[in-house]
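Just below is one structure, and these are the notes that go with it.
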Amino acid sequence: MNYVVKISIFIITGLLTYPDISGQPRWVKGTPSVASVGQFAITVNYGIDRTGTVYFIVYNYDNKQKLSSTQVRSLALSGPSGNIVATAVLSISSANVSRTLQYIFNGLAPNQIHSIYAVAANSFGILQPSPVRITATTLSCPSVNAGSGGEECDLDFKLNAVPGLFPGTWTKTAGPG
């Protein structure tokens, strides 16, 4: 009898001291959210309260479709395709539990509304009941400006162009010379 009591106390104590590792993950307060937006990138904040995986998909328009958690995970694992222009599958290690982390989606179209869906799963693959949908608009690109020139008839004319973010090549489209 004494043996049964000791085992029962050991089991109950063990259950009380260990967190629920099989439950659905919860988002860290304030996540997922957009941290910053550039012309070709969106940075998102994310974080969950246990080890697991976070799945993201990004549409290149304001997608108001209701997706299931399973759909988001499946699409994220499949990679970009069609209107899904970016995906991410991010692991949350024990060192990053309950921390706000960031991920940058690069290579997005400028001046475009993007719908971002996020869903998390714990380390046993148990998904949250529904994904989170957030939207962000990438910034527009600045106008091209070659600068002012002047009248010059030799081959060493220099434009007063302001360097942009990406290198390019100027080509003559009309006129003599």
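Readers should treat all values here as calculations from the given coordinates under stated rules, not as data from a laboratory. Source: prediction; values computed, not measured. Every residue, glycine as well, gets a Cβ built from its backbone with ideal geometry; the counts of neighbours run over all protein chains shown.
Within the set of other residues whose C-beta is less than 15 Å from the C-beta of GLY47, count the net charge using Lys and Arg as +1 and Asp and Glu as -1. Once all neighbours under 15 Å are counted, the net charge is +3. Computed from phi, the 3J(HN,Hα) profile of the range 130-143 under the Karplus parametrisation 6.51, -1.76, 1.60 (θ = phi - 60°) reads 8, x, 9, 10, 10, 10, 8, 10, 5, 6, 7, 7, x, 5 Hz, with x in place of Gly and Pro. Note on the range 27-110: dipole from Cβ charges, positive end direction compared against SER81, TYR103, SER33; the farthest Cα belongs to SER33. With contacts taken as Cα pairs under 8 Å at a separation of at least 6 residues, the range 66-128 carries a relative contact order of 35 percent.
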